[in-house]
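Novice: Structure in structure tokens, see below.
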Amino acid sequence: MSTPHEVLRTVFGYEQFRGDQEQIVSQVVSGGDAVVLMPTGGGKSLCYQVPALIRDGCAVVVSPLIALMSDQVGALRQLGVRAAYLNSTQSSEERSATERAYLAGELDLIYVAPEGLSRPYTRDFLSRGKLSLIAIDEAHCVSQWGHDFRPDYLALGDLAELWPDVPRIALTATATRRTHEEITERLHLQNARHFVSSFDRPNITYRIEPKNQPTKQLLDFIRTEGVVDGEQATGIVYALSRKSVESTAAYLVKNGINALPYHAGLDKRLRDETLHRFLREDGIVVVATIAFGMGIDKPDVRFVAHIDLPKSVEGYYQETGRAGRDGLPSVAWMAYGLADVVQQQRLIQMSDGDAAHRRSQSAHLNAMLALCETASCRRQQLLRYFDQDSGPCGNCDTCLTPPKTWDGTVAAQKLMATIWRLDREYRQHYGAGHLIDILRGVSNKRIEQLGHTNLSTYGIGTELDAAGWSSVVRQLLASGYLETRGEYGQYFLTEAGVPVMHGKVPLEFREDAKKAGRSSRPTR
Ligand code: ADP
Ligand code: ZN
């Protein structure tokens, strides 16, 4: 029998294991269970591929990424590994060929989709052969609370009882304490050893800036930071909607960037071709919805840009984690604005889920907002979200150019008093644009018609420009003192916001870099 090192060297061509890999491999080789929390690019695959080649029998790899199975299996076959997959995209001939090979003991690894493994047919057939281990990839999909729940994962829990002698290893790049607990519990991994790597990605620089002209800001970013040695670098741009994916890609192309759109609404052949070009060519910028990227192993992605706010810190971490898997300097850049927040709060309120589901989505969004609005180290904040400690990193925008802060207590009072009056005295609720117009004493038809020039707060906020007020609104939302409700995103004070309105909570606001500045210091 070969040793793990021999397999690593002779099959995969690597000299050394990385991080926890060696211990994880030895745990599984010896027949124990493992739960592995390792960031994207950390090298999770080898943790089950090496044991699969050492233990007797065939390893079952559960992966939700059907689109990538043929690539993954192809890559293994090139290394001489006897791998195959079973999924719904195959013809029945292909399936039965794979089944025969498995039963004849001719396979080292077989990839299956989670829905496949929940079917009695697949289970019976696998039981007739010899299993070496079960690897459950993207194991966070079992978490209902998480951002990527897949009901089929719940059915994987009883594999422990079905095949008690087969070691199981669950792997994920998502690592909140809560997800970790859910994986352990729902996949019946109570006897597993746990391997939690550091989630820091030191080669990624994090930058988040206020959004004003997103596509233009994106182009500037790509032209300045998306270039390596004078050549366009490979990158991914994430947008929320299919429409903005297409218009953004078109805008970039018009401006000389080699950009391609990718979203689930595009023809399958076109999507496959885009994925193929992204993986094989240099300097392609894919503009995509989050449908793009899970499990894609392209080491030299130099930047990941978000022109819309991700729904959660987990999502943000996973998406930005696709940058710099080769360890070279890379940038995670994002532009975000008030409209993002309002839109997402609206989506949450309109979603079908129950109240608990909506609360969890709101909590996810609020954590994301807090990351955007923090005046201290982004990496520290990000890692703290995953229950990991670190000092200020020196490699994020807030560390590199510490934002100035200013005493926003009075500004917050002015805004909140306006919202409060309109609510108490008129039962009226408005979006940010109108509230800011009132504060700045703008005179327009709507303000006149509504008689809002008579409000006592009309024109008391001329010390800030519209962008400055927008920043105040965002920071109050991020701190949970304000919330929006309803289809039009009208503002309300939260319970916690009431003492803020009374000036009882001193507030330090970050002064947004360059663009959305204040017109002068606020008056006291
Ligand atoms: P993950 O699934 O954790 O995102 P992968 O398993 O895809 O990561 O590995 C990321 C990259 O690192 C791959 O290109 C892989 O070949 C490489 N890699 C993994 N382990 C090692 C190692 N011990 N030595 C060198 N390269 C490695
Ligand atoms: Zn930092």
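Novice: Hey, does region 194-209 have a residue that's of a type outside the set (A, V, I, L, M, F, W, C), farther than 30 Å from S390 by Cα and in a loop (DSSP other than H, G, I, E, B)?
Specialist: Kept after step one, since they are of a type outside the set (A, V, I, L, M, F, W, C), are these residues of region 194-209: 194, 197-198, 200-203, 205-207, 209.
Subsequent filtering for residues that are farther than 30 Å from S390 by Cα retains none.
No, region 194-209 contains no residue that is of a type outside the set (A, V, I, L, M, F, W, C), farther than 30 Å from S390 by Cα and in a loop (DSSP other than H, G, I, E, B).
Novice: Further question: What number of residues within region 366-401 satisfy the criterion of being crowded, with 21+ Cβ neighbours inside 10 Å and in a loop (DSSP other than H, G, I, E, B)?
Specialist: Residues that pass the stated criteria total 2.
Novice: Can you pull out every residue in region 411-441 that is without any contact (Cβ under 8 Å) to a residue 60 or more places away in the chain and more than 22 Å from Q345 (Cβ to Cβ)?
Specialist: Of the residues in region 411-441, the ones without any contact (Cβ under 8 Å) to a residue 60 or more places away in the chain are 414, 418, 421-422, 424-428, 433-441.
Hits for region 411-441 are K414, R421, R424, E425, Y426, R440, G441.
Novice: Being among the polar types (S, T, N, Q) and within 16 Å of ligand 1 (Cβ to nearest atom), is that true of even one residue in region 159-174? Give the steps one after another, and end with the answer.
Specialist: Initial filter on region 159-174 (among the polar types (S, T, N, Q)): 172, 174.
If we keep only those that are within 16 Å of ligand 1 (Cβ to nearest atom) as well, we get 172, 174.
Yes, because at least one residue in region 159-174 is among the polar types (S, T, N, Q) and within 16 Å of ligand 1 (Cβ to nearest atom).
Novice: Mind checking which pairs have a first residue in region 300-312 that is under 24 Å from G146 (Cβ atoms) and a second that is of a type in the set (S, T, N, Q) and part of a loop (DSSP other than H, G, I, E, B), Cβ under 9 Å, 6 or more apart or different chains?
Specialist: These pairs meet every condition: V301/T234; D308/S241.
Novice: Related question: Spot the failing condition for E138; the list is (1) out of contact with any strand residue (DSSP E or B) (no Cβ under 9 Å at 6 or more places or on another chain); (2) closer than 27 Å to H276 by Cβ, and only one is missed.
Specialist: E138 satisfies all of (1) out of contact with any strand residue (DSSP E or B) (no Cβ under 9 Å at 6 or more places or on another chain); (2) closer than 27 Å to H276 by Cβ except (1).
Novice: Given the criterion polar (S, T, N, Q) and under 25 Å from H276 (Cα atoms), identify the matching residue among S96, S91.
Specialist: Details: S96 fails: under 25 Å from H276 (Cα atoms).
When all the criteria are applied, what remains is S91.
Novice: Quick test for you: out of Y488, Y458, Y481, pick the one residue that is farther than 19 Å from E373 by Cβ, buried (at least 16 other Cβ atoms within 10 Å of the Cβ) and either touching a Gly at 6+ places or on another chain (Cβ under 7 Å) or of a type in the set (F, W, Y) (or both).
Specialist: Details: Y488 fails: buried (at least 16 other Cβ atoms within 10 Å of the Cβ); Y481 fails: farther than 19 Å from E373 by Cβ.
Just one listed residue meets the conditions, Y458.
Novice: Among L439, L435, which is the only one that is hydrophobic (A, V, I, L, M, F, W, C), in contact with a strand residue (DSSP E or B) (Cβ under 9 Å, 6 or more places away or on another chain) and either farther than 21 Å from G408 by Cβ or surrounded by 21 or more Cβ atoms within 10 Å (Cβ to Cβ) (or both)?
Specialist: Values: L439 fails: in contact with a strand residue (DSSP E or B) (Cβ under 9 Å, 6 or more places away or on another chain).
The conditions single out L435.
Novice: From P499, P506, grab the single residue that is surrounded by fewer than 19 Cβ atoms within 10 Å (Cβ to Cβ) and without any contact (Cβ under 8 Å) to a residue 12 or more places away in the chain. I'd like the intermediate steps shown before the answer.
Specialist: Working: P506 fails: without any contact (Cβ under 8 Å) to a residue 12 or more places away in the chain.
Sole residue among the options that is surrounded by fewer than 19 Cβ atoms within 10 Å (Cβ to Cβ) and without any contact (Cβ under 8 Å) to a residue 12 or more places away in the chain: P499.
Novice: In region 449-467, which residues are over 20 Å from R424 (Cα atoms) and in a helix (DSSP H, G or I)?
Specialist: Those that are over 20 Å from R424 (Cα atoms) and in a helix (DSSP H, G or I): A466, A467.
Novice: Further, regarding this structure: Hey, any hits in region 115-132 for a residue that's within 26 Å of F12 (Cα to Cα) and surrounded by fewer than 16 Cβ atoms within 10 Å (Cβ to Cβ)?
Specialist: Yes, some residue in region 115-132 is within 26 Å of F12 (Cα to Cα) and surrounded by fewer than 16 Cβ atoms within 10 Å (Cβ to Cβ).
Novice: Separate question: Which condition from (1) under 20 Å from S30 (Cβ atoms); (2) modelled with pLDDT under 95; (3) in contact with an Asp or Glu (Cβ under 6 Å, 6 or more places away or on another chain) is the one that S143 breaks?
Specialist: (1)
Novice: Look at region 14-51 and say how many of its residues are in a loop (DSSP other than H, G, I, E, B), in contact (Cβ under 8 Å) with a residue 40 or more places away in the chain, within 14 Å of ligand 1 (Cβ to nearest atom) and surrounded by fewer than 18 Cβ atoms within 10 Å (Cβ to Cβ).
Specialist: Final tally of qualifying residues: 1.
Novice: As an exercise: evaluate N366 against (1) touching a helix residue (DSSP H, G or I) at 6+ places or on another chain (Cβ under 6 Å); (2) more than 10 Å from ligand 2 (Cβ to nearest atom); (3) under 19 Å from D308 (Cβ atoms) and give the number of the one condition it does not meet.
Specialist: Only one criterion is unmet by N366, namely (1).
Residues are listed down the side, and each one gets a yes or a no for (1) at pLDDT 95 or above; (2) touching a Lys or Arg at 6+ places or on another chain (Cβ under 9 Å); (3) of a type outside the set (S, T, Y):
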{"position": "P167", "(1), (2), (3)": "yes, yes, yes"}
{"position": "H180", "(1), (2), (3)": "no, no, yes"}
{"position": "R193", "(1), (2), (3)": "yes, no, yes"}
{"position": "F199", "(1), (2), (3)": "no, no, yes"}
{"position": "I204", "(1), (2), (3)": "yes, yes, yes"}
{"position": "R207", "(1), (2), (3)": "yes, yes, yes"}
{"position": "R223", "(1), (2), (3)": "yes, no, yes"}
{"position": "E231", "(1), (2), (3)": "no, no, yes"}
{"position": "I236", "(1), (2), (3)": "yes, yes, yes"}
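Novice: State which residue pairs qualify: first residue loosely packed, with under 14 Cβ neighbours inside 10 Å and inside region 216-235, second residue in a loop (DSSP other than H, G, I, E, B) in any location, beta carbons under 8 Å apart, and separation of 6 or more residues or different chains.
Specialist: Taking only residues 6 or more apart or on different chains, the pairs are E231/D282; E231/G283.
Novice: If you scan region 1-12, which residues turn out to be surrounded by fewer than 18 Cβ atoms within 10 Å (Cβ to Cβ), within 11 Å of ligand 1 (Cβ to nearest atom) and either among the hydroxyl-bearing types (S, T, Y) or without any contact (Cβ under 8 Å) to a residue 60 or more places away in the chain (or both)? Reasoning before the result, please.
Specialist: Initially, region 1-12 is screened for residues surrounded by fewer than 18 Cβ atoms within 10 Å (Cβ to Cβ), giving 1-3, 5-6, 9-10, 12.
Still in the running and within 11 Å of ligand 1 (Cβ to nearest atom): 5, 9, 12.
Once the filter is applied, which keeps residues that are surrounded by fewer than 18 Cβ atoms within 10 Å (Cβ to Cβ), within 11 Å of ligand 1 (Cβ to nearest atom) and either among the hydroxyl-bearing types (S, T, Y) or without any contact (Cβ under 8 Å) to a residue 60 or more places away in the chain (or both), region 1-12 yields H5, R9.
Novice: Of (1) modelled with pLDDT of 90 or more; (2) within 29 Å of the chain's Cα centre (by Cα), T462 satisfies all except one. Which?
Specialist: The one condition T462 does not meet is (2).
Novice: So F386 fits all but one of (1) within 16 Å of ligand 1 (Cβ to nearest atom); (2) closer than 30 Å to T457 by Cβ; what number is the exception?
Specialist: Evaluating F386 over (1) within 16 Å of ligand 1 (Cβ to nearest atom); (2) closer than 30 Å to T457 by Cβ leaves (2) as the failure.
Novice: Something else: May I ask you to verify whether I438 is in contact with a His (Cβ under 6 Å, 6 or more places away or on another chain), part of a helix (DSSP H, G or I) and either away from ligand 1 (no atom under 16 Å from the Cβ) or among the aliphatic types (A, V, I, L, M) (or both)? Even if it seems obvious, please write down each step before you answer.
Specialist: Values: in contact with a His (Cβ under 6 Å, 6 or more places away or on another chain): yes; part of a helix (DSSP H, G or I): yes; either away from ligand 1 (no atom under 16 Å from the Cβ) or among the aliphatic types (A, V, I, L, M) (or both): yes.
Yes: the conditions hold for I438.
Novice: Which number in (1) crowded, with 21+ Cβ neighbours inside 10 Å; (2) more than 25 Å from E209 (Cα to Cα); (3) not aliphatic (A, V, I, L, M) marks the one condition that G468 misses?
Specialist: (2) is the only condition that G468 fails.
Novice: So D297 fits all but one of (1) away from ligand 1 (no atom under 16 Å from the Cβ); (2) among the acidic types (D, E); (3) in contact with a Lys or Arg (Cβ under 8 Å, 6 or more places away or on another chain); what number is the exception?
Specialist: So D297 meets the others, but not (1).
Novice: Here's something else I'd like to know. Report yes if L476 is among the aliphatic types (A, V, I, L, M) and under 12 Å from V341 (Cα atoms), otherwise no. It would help to see each step written out before you state the result.
Specialist: Working: among the aliphatic types (A, V, I, L, M): yes; under 12 Å from V341 (Cα atoms): yes.
Spelling it out, L476 is indeed among the aliphatic types (A, V, I, L, M) and under 12 Å from V341 (Cα atoms).
Novice: While we're on this one: Does region 363-374 contain any residue that is away from ligand 1 (no atom under 16 Å from the Cβ) and touching an Asp or Glu at 6+ places or on another chain (Cβ under 7 Å)? Steps first, please.
Specialist: Taking region 363-374 and keeping what is away from ligand 1 (no atom under 16 Å from the Cβ), we get 363-374.
After this cut, where a residue has to be touching an Asp or Glu at 6+ places or on another chain (Cβ under 7 Å) as well, the list is none.
No; the residues of region 363-374 include none that is away from ligand 1 (no atom under 16 Å from the Cβ) and touching an Asp or Glu at 6+ places or on another chain (Cβ under 7 Å).
The values are calculated or read from the model by the stated rules, or taken from the named source; none is laboratory data. The structure displayed is predicted, hence computed values, not measured ones. With ideal geometry, Cβ positions are generated from the backbone for all residues, glycine too; neighbour counts draw on all protein chains shown.
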